[in-house]
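A short write-up of the structure that comes next.
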Amino acid sequence: MSRILKVNNSNYRLQVQGGGTITLDVGAVSSGGTVVITGNLDVKGVQTVIESTTTTVADNIIELNVGSTGSGISSVFNYQAGVQITRGDNVSYPAAQVLYNEQVGWIDNTNGSGSVTTAGGFLLTTTNSTIQGVKTSKIASRGGNGVANDLVFDLQGGTTALRVSNYNTTGSNSYINSVVLPDHIPTFGTVQLFCASNYVPGSGTQGQALVSQILYPVSGTATARITATTNTLTYFVGTTTLAVSTPTGTANAGYVSANNIEIGANSAPNTITTLPGGDARHVTTASDNLILSATTGLVEVGAVLQLNDQTAPAYAASKTKLYSSATIGPGRTGVYVTNSTVQTPDELISRNRAVLLSILL
């Protein structure tokens, strides 16, 4: 039968020898006996050990480090407090810890400046100071009035890059094959796969981006672009072709054209010439003269200058025209000159011919 010890007008105290033990015995552990405390429980000792296999707490907040004073968690506790989880012998498998550490710094992007480091943050680690990972389906950033802020990855200027852990160059489910939407973050592997680059990180060499077009702007109608095909490299501004490059050995190829100038072609691979007005690459209706000029100094020719025979041109004001003709006159040179002074083309005379004529005259 139940028994009740009742003290109506005073406190009740059980006291044993110093360092002794008070046991509330409800039988063997397996019997499932229960000790019920109807009031508050205040444990004054330095250590509380709970060996139950199931612990249920109704409180919605468990408070740790109660009674501490000063600014933040004391250095006595290595500036941190939290929960520790035993994983076995704690040697081969060091205990895991969920800690709040006063020395964890991070950038608070809600203050508007983005440059103020805030002290104090959560740390997932083990007792041998190995940082641990987190597996979760979503990460939500802090927000006020139900509106979340942008999620910021604070690398703090370190050499450790932001990485995608399931990066894999093969497999349909790899990250680089799943970057398909405008807001997806590309990895180096994604860019390398998209551009077919042969750049090797750490090699010290420049990469090669193998693409068929370079466009600007990236949306809408391109106002400038470089387009590559099997045998051509074409430069456009708007709808106007400014330059075309092709290799030798292909039809009407082996040339570079820019505006109205063409350098090389199968028909004349070593020539610089103007494009005819009817050519699709001819972009103006201005004069088709080919002009060689120098901002300062002279235009030098470092080889023998060969003049092909031409039809006599009309003279022009403030210009002198020099040309070769198949008709060789008394000067015996076949080289003629015409300008506003010598309006009728006149032949330059050779030295021998000049000596002979001077004797005769």
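The values are calculated or read from the model by the stated rules, or taken from the named source; none is laboratory data. Quick caveat, the model's predicted, so the values are computed rather than measured. Methodologically, a virtual Cβ is constructed for each residue, glycine included, from the backbone with ideal geometry; neighbour enumeration extends over all protein chains shown.
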Is it the case that segment 99-116 has a residue that's modelled with pLDDT of 90 or more and either aromatic (Phe, Trp, Tyr) or more than 34 Å from the chain's Cα centre (by Cα) (or both)?
yes
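Does any residue of segment 298-310 turn out to be at pLDDT below 80 and farther than 30 Å from residue 230 by Cβ?
Of all residues in segment 298-310, those at pLDDT below 80 come to none.
The answer is no; no qualifying residue exists.
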Just to be sure I understand, how many residues within segment 310-361 are exposed (fewer than 14 other Cβ atoms within 10 Å of the Cβ) and hydroxyl-bearing (Ser, Thr, Tyr)?
8
Quick one: count up the residues across segment 307-347 that are without any contact (Cβ under 8 Å) to a residue 12 or more places away in the chain and part of a strand (DSSP E or B).
1
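Looking only at segment 60-84, which residues are surrounded by 10 or more Cβ atoms within 10 Å (Cβ to Cβ) and closer than 21 Å to residue 134 by Cβ?
Within segment 60-84, the first condition is being surrounded by 10 or more Cβ atoms within 10 Å (Cβ to Cβ), and the residues that meet it are 64-65, 68, 72-75, 77-84.
Result: 64, 80, 81, 82, 83, 84.
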Identify the residue in segment 1-45 that is in a loop (DSSP other than H, G, I, E, B) and of a type in the set (Ser, Thr, Tyr) and, among all such residues, is farthest from residue 66 (Cα to Cα).
2
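Among the listed residues 16, 43, which satisfies the condition of being out of contact with any Phe, Trp or Tyr (no Cβ under 8 Å at 6 or more places or on another chain), more than 27 Å from residue 84 (Cα to Cα) and among the aliphatic types (A, V, I, L, M)?
Values: 43 fails: more than 27 Å from residue 84 (Cα to Cα).
On inspection, the qualifying residue turns out to be 16.
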